[in-house]
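Here the structure is laid out as structure tokens; the discussion comes afterwards.
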Amino acid sequence: MSYSVVEYYGENSKYQCGYCKQSSSCSSYGMWAHKLSCQDYQELIDRGWRRSGCYCYKPMMDVTCCPSYTIKCDAINFRLNKSHKKIIKRMNKFLRDGLKETSEQDAQSNIDEIATHDGSACDQEHTEVPSMQPRVLDPDLLNTLTHVNSEKRSADDKTSALPIPTLSGVVNTSTHTSDSSISNQPKKAKLRRIERKREKLQKKGLSGADIEQLMQSNNRKSAEKSLEEFLSESPQDNDSPAHRLKVKQVNANDGATAATFKLYSLYQQSIHNDPASKLSMDRFKRFLVKSPLKPFQGFGTFHQQYWLDDRLIAVGVIDVLPNCVSSVYFFYDPEYKFLSLGTYGSLRELAYTRSLYKEYPSISNYYMGFYIHSCPKMRYKSNLQPSYLLCPEAYTWHLLDRTVVAKLDASKYSRLNDDPTAQDTNKATEQDVNDVLLIFGRSCMTYTQYLTVVGKELPILFEYARLVGKSCAKKMMLYRV
């Protein structure tokens, strides 16, 4: 049975913000996860936590300069927009013909799209591990504690058996189509496009009746196409395509290869202007390879490697959790930036989430990390719809629509939940704090037992229990000297 061991650090204040770049304006709570069950991490991200390697952090939303709202997309009801379709078609065309955009208009359209839309679900997003280092835990002690409270974990843990999914094969090995059909209201730009298309058909000499029939047929085809159908239009091997794209999934621990690190270094230097001196294999491993989520019946951390012929051009790092696929990071070869690989990778991960849902209905959401409304370049995550933001007080989900956007325009920190009586249903009580599990010496005990043995109160436990919620507070083992 998988279990969790964490080391709570408390506040990590006044460090540089990765978004607005102020030198000492960011504040968060932090803890080190020596081991973390996938169910516990699911509950933590549903309370605004996020991991960077084994370090878990929760922004102090009402204090930090750039409030970070947990964002998820309803993968099952996901709606493709025009930009998404263009990106998939561009990839399919490149695989088929091997050609980049040829016309000046197409090239400029591609540049504009990359500037406004292209970003992976978690591009530019991670928090550096603070200078303090976690204590080294005795492996024998961890093995001894494996069976602590195992019956309780068996009852509480919802991680049922899940065969390890595979994405190996050509890119058009898509999975299932969506059961939902969503019609969007036509917008002005769309109406203009329809009118231009109608004028072109008139110039070709088609009658009014023929034009209407053709337009209606095209509209039906467009409305019926799902994400999977667009992805499946990539050329088959028997079409003799110019390129073949394969997506291979491996356990995160198998992702620390020379090719992967080289690609990561190239991406960080070109896209994020990181100096080469800051990049090392050890740092790469701490950030994207080492994970507190140990593989358990198909859950855990994985690398999805995008191979163009025999060349690695992109890697998506994901966590597969009981209720979602969570995007950790995505990096790619800048030479192929014209393919909008960040957005393309997000669409592939959404399709993967939908494929898992067909067999495991609890996995219905695609988590994109944080949405930072106060940072315009990070608003691209709202392009995946329908998306929801987490209320930082009641921990309820709210559709990212005009109403929520208006709240964030008015104040960068917002409760989001309009109901003043709505409370955190997972809030820890004083009794819950007494039930917090502590590792002390070579034993695991409740806080009540700790007080009996040591006789010294730990006030920080109330903060810890409030932040992780009563469920995790009573399941995860908190390490104390």
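Coordinate-derived values only; no laboratory data. The structure presented is a predicted model; accordingly, all values stated were derived computationally and were not measured. Methodologically, a virtual Cβ is constructed for each residue, glycine included, from the backbone with ideal geometry; neighbour enumeration extends over all protein chains shown.
Pairs of Lys residues in segment 367-464 are counted when their Cα atoms are under 26 angstrom apart and they lie 8 or more places apart or on different chains; the count is 7. Taking trypsin sites (Lys or Arg not before Pro) across segment 434-481, the ones in a DSSP loop with at most 10 further Cβ atoms lying within 10 angstrom of their Cβ are ARG442, LYS456. Projecting label points 7 angstrom from Cα along Cα→Cβ for GLU212 and ILE194 puts them 1.3 nm apart. Run the quick spin-label model on LEU451 and LEU137: label points 7 Å from Cα toward the beta carbon, then report their separation in nm to one decimal. So the two model labels end up 2.5 nm from each other. Here, segment 234-326 has an Rg and a Dmax of 15.2, 46 Å when only alpha carbons are counted. When the inverse distances between all different Cα atoms of segment 254-301 are averaged and flipped, the Kirkwood radius reads 11.8 angstrom. Plainly put, segment 287-430 has a radius of gyration that is 1.01 times its Kirkwood radius, both from alpha-carbon atoms, as the Rg/Rh ratio.
Between amide H atoms placed 1.01 Å from N, distances below 5 Å from GLN249 occur with LEU167, SER168, GLN305, all of them 5 or more places distant or on a separate chain.
Can you tell me the mean projection area, over all orientations, of the convex hull of segment 275-370's alpha carbons? Units nm², please. Intermediate values should be presented prior to the final figure.
Working: hull surface 30.7 nm².
Averaging across all directions leaves 7.7 nm² for the Cα convex hull.
Subtracting the Cα-Cα distance of VAL405 and GLU463 from 0.36 nm times their residue separation leaves 17.8 nm of extension gain.
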